[in-house]
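Scroll down for the structure; my scribbles are underneath it.
The values are calculated or read from the model by the stated rules, or taken from the named source; none is laboratory data. In this text, all values refer to a predicted model and were calculated from it rather than measured experimentally. Cβ coordinates were reconstructed from backbone atoms using ideal geometry, including for glycine residues, and neighbour counts include every protein chain displayed.
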Amino acid sequence: MPVWPSPGVFQVIPRKIPTIAAICEIADSIFGSFNKRKRITERQIEDFLRRLKELAISVEERGLWSNVDLEAPARRWNLSSHDAAHVDLALRTGMPLATIDHDLKKAAAAEGIEVVS
C-alpha cells in the first residue's frame, strides 16, 4: 500500500488557511479515501492526523462579507469562491500556494504567486 500522504506533504502544507472550511476538506478527503475508495488504512489516518496536529497552522478569521467579496476574483480566475479564498490569502500574505490543482496553479501564475506542488 502506498504511503499516504506522501512524505513531502508536510513540508508544503501552508501555515495559514483562509477558513475553517479547509479543515472540513481534510476530513472529507480522509473520509473519501478510507470509506469510499479504500486507499488508506485507519493506522495511516491516525498517523496523518497526529502529524497534522503538530503543525503550527492558524485559521484566518475574516468576516462573512470578505468571503462574499471574492465573487468577482473567483469569476476572473474561473475558480470556486473557496479556491479563490486560497489565492486571495496567498496574495495578501505573500505566502506560496501549495496545490496540485490545475486551475489554482493557473490563477496563482496569473497573479505571480509562487506555487508549491
Inset, instruction - Please tell me if A84 is buried (at least 16 other Cβ atoms within 10 Å of the Cβ), in contact with a Pro (Cβ under 9 Å, 6 or more places away or on another chain) and closer than 19 Å to A27 by Cα. - result: no
Legend entry - I100, sole failed condition from (1) modelled with pLDDT of 85 or more; (2) exposed (fewer than 11 other Cβ atoms within 10 Å of the Cβ); (3) in a helix (DSSP H, G or I): (3)
Legend entry - Elements of type helices (runs of 4 or more DSSP H) contained in region 1-72, each with 1 or more residues being modelled with pLDDT of 75 or more and closer than 24 Å to V116 by Cα: 21-31, 42-53
Legend entry - Candidate set: region 69-117, residues that are of a type in the set (S, T, Y) and touching a residue at least 12 places away in the same chain (Cβ under 8 Å); chosen: the one nearest to S58 (Cα to Cα): T93
